[in-house]
1. What FRET efficiency, computed as 1/(1 + (r/R0)^6) with R0 = 35 Å and r the Cβ-Cβ distance, is obtained for THR179 and GLN44, rounded to the nearest 0.05?
2. Of LYS441/LYS759; LYS226/LYS718; LYS250/LYS393; LYS287/LYS695; LYS246/LYS537; LYS400/LYS690, which ones are farther than 32 Å apart at the Cα?
3. Could you give each residue of the stretch 652-661 its phi-based ³J(HN,Hα) in whole Hz, using Karplus coefficients 6.51, -1.76, 1.60 with θ = phi - 60°, and x for Gly or Pro?
4. How long is the gain from VAL565 to SER230 if the chain were fully straight, where each residue apart is worth 0.36 nm and the alpha carbon distance is subtracted?
5. Using the count of nearby Cβ atoms within 10 Å as a rough guide to exposure, how do TYR105, TYR344, TYR595 rank from fewest to most?
6. Over the stretch 399-499, what portion of Cα pair distances is larger than 19 Å, expressed as a whole percent?
7. Does anything in the stretch 671-688 have its amide N under 14 Å from the 7 Å Cα→Cβ label point of ASP273, and if so which residues?
8. For the pair HIS598 and VAL509, how long in nm is the line joining their label points, each one 7 Å along Cα→Cβ?
Amino acid sequence: MSKVTGQTEYVMNMEMPGMLHVKLLRSTIPHGLIKHIDVSAAEQIPGVIRVVTGEDLKSMDINPYYGPAFRDQPVLAIDKVRYVGDPVAAVIAEDSKIAEDAVNYIDVEYKELEPVFDVLEAAQPGAPVIHEVIRPAGSFADLKNLLPKENSNICIHYKLRHGDMKKGFEQADHIFEDTFTTPAAVHLPMEQHVAIAYAEPDGRMNIWTANQSPSFVRSEVAHVLKMPESRLRVRVPYLGGGFGTKLYVKIEALVAVLALIVKKPVKLALTMDEVFITLTKHGTVFKMKTGITNDGRIIARHCEVYWDGGAYADIGPRITQKSGFTAAGPYDIPNVHIDSYNVYTNKAPAGAFRGFGVPQLVWAYESQMDIIAEKMGWDPLNFRRKQVLTEGKIHATGQKIVSVGLDKIIEELNTSIGWEEFFKQKQSNGIVKHGSKIRAKGVAIGLKAVLTPSISGAIVTLFADGSASVYCSTVDMGQGSDTIMGQIAAEVLGLPREKVHVVHPDTDVTPYDTITAASRSTFYMGNAIYKAAEEVKNKIFESAAEFFDVKPEHLALQDEKVIVVEKPELSMTLGEVVKEIFHMPAGSIIGQNVYESHYQSPDPETGQSEDIAIFWFPGGTAVEIEVDTETGKIDVLQLISVGDVGKAINPFNVHQQLYGASIMQLGQALFEECIFDYGQMINANMADYKVPTFKDLPAKTETIIVEVPHPEGPFGAKGVGETASFAVQPAIANALYQATGVRVKDMPLTPERVLQALKQTTNRSESTIRDFKEKAKG
């Protein structure tokens, strides 16, 4: 209700007495040394308090570099800039308009260096080196073995070796080789990046931020400031969307440093145009080689993936590993060889984006699945059925698969889109055309591993009146986590949901949580809350059992009461239990838990691990499209998203998540891409970068929940936030091929790209006919 009425608290709307505002001067060149910065004219403007540059940071007793994988990103550019948009100077003023105007009066002299923009060129020996020194952060257990490659733009090379690749290809009857690409894209949450920092008189730092990882912000900014974590407090109210762009430190270290300098509250709110160049989705080049047998088995697959990380690594190394090891697809393949490279370029940094790199991979391997099936004359859905991973099979990483309903997802796709009927009709009568427009269907599936290892802590407090509060650092950014977390506690304690309050992240109050991302919150934080609530319930039962003179196992929580199961007329309200415990109508019962996943670090040379992910979650997409062969425009008529969520704790919420993820990927499939000219993003605004509108939505959408309960999940639940993001792009591309015989291997499927491919196919066909006629004459 507070969102609908405009009363919800967002950092963007927060004000503090005496608060100053910040605007940034950004680099206008992609790669170069900073020779001199003249801030004198800007500092003379009335209302300007201070202009801060990298030179000022050098004189401070701080660690000026930050980052979750490598500490390679400076608070402000120090000595060097690495992309068009790199923050060079910060103007602190009494008013944001004054600060914005003053930015134009700063003069910077650069010595330009040779840039490198193409990810394959950047990976080559001899390419201009973007980072001479890379500092491993050591922040997370799974990143400690990911060591940078010195004097190279390849900051991480992840390897997976499973089976005997050479032998596998020797045994193959057919070998397919393809290269697929995806461009950079942007998250575009409705709320921009914004943060406020305030240093108390004793130096204790307060930060309010629109960020998905308050616990990490506290630890990393404490490192930057050389301050104990206990002297830094981070608070996060609601977020107006995140999708990965608000993960880890983005602007928080900068506002904290500026607040120390001016000793007043400081606010930095990025413009939407600045959001474009703060973080992007990784562009990729994926080279894939697959060997198959005549009986339809994939026997070997070699994957070479290049992730365009832009100027700073951010969390790219984790994507390179965690998503990299899924590059062979959700299939039982005996011989797999994966090389996954995270590469620096002189473009805007890339990082986490809904799907965490998996959609880029699914685009490639699911497109090739249809290429193989078409060439061999097989039904592409049956081809998938033949080798899909099912319960108990071994993934390429060496882990046994548990609770992965891929086979069920395939059957739901088949039934919901009417695949068998469509494919039979196509095989017998061909595709029906209506003038220049052709309709066809396509399918695709994908698999993602949850972030492992990670930690979530929770506290559940039952008050004297029988209501409860949940203290957790999960950030509600529109995904409905407040609802789910409160619902889990309410279910355990036998309370109505409205009597459970979820406290928003405050690092002085709410326990540590790794991040709110990677579809991990329901599983990790849900487990922590479930177990904390169980502790409260056990304390209630211990007291009530003594009162009723029964064993605790003979009690149950029901309708806000403790009842004796065999004699339900014997009961106590929760308030009466609290009174019984404390001998007064006051007090609280507290339960707490820190949930940590088990994990086995993969072998650095083979990538093998028997416990690399605590759970896996699959998704699938089926579409019906109409393509206009005169314009190349694709309209998606029907979009069906299927996800295995383990157990839908809140089915309505799950359907919303499946729908939202699929529509977000619809834009990525059809028209979204960042366009660069000599390193500068030339469509970095809402006028030129298009996202789906109501006119782009399919006439019919359907979301289908598959439930294969996970033995360790709360009530059997897994994640759902990314599940429907995996397979939208290849499903549409596969439908395009079914309709026209055109195979596009570069995203997105814009009308121009489709039309060009149609013309090339027509030209090749006409050339083939001419050659045939010439040979016939001869």
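1. Details: r = 55 Å, r/R0 = 1.58.
After rounding, the FRET efficiency stands at 0.05.
2. Numbers: LYS441/LYS759 22 Å; LYS226/LYS718 38 Å; LYS250/LYS393 40 Å; LYS287/LYS695 35 Å; LYS246/LYS537 36 Å; LYS400/LYS690 42 Å.
Result: LYS226/LYS718; LYS250/LYS393; LYS287/LYS695; LYS246/LYS537; LYS400/LYS690 exceed 32 Å.
3. So the J values, rounded to whole Hz, are 4, 4, 5, 4, 4, 5, 4, 5, x, 5.
4. Values: separation 335, 0.36 × 335 = 120.60 nm, distance 4.61 nm.
Residue separation times 0.36 nm, minus the Cα-Cα distance, leaves 116.0 nm.
5. Numbers: TYR105 18, TYR344 31, TYR595 22.
Neighbour counts put them in this order, fewest first: TYR105, TYR595, TYR344.
6. Values: 3470 of 5050 pairs.
The answer is 69 percent, as a whole percent.
7. 681-688
8. With each label placed 7 Å out from Cα toward Cβ, I get 3.6 nm.
Any read-out appearing in this document is the output of simple, stated calculations on the displayed coordinates, not a laboratory observation. The model shown is predicted, which means the values in this text are computed figures rather than measured ones. Quick reminder, even Gly has a Cβ in these numbers, built from the backbone with ideal geometry, and neighbours come from all protein chains shown.
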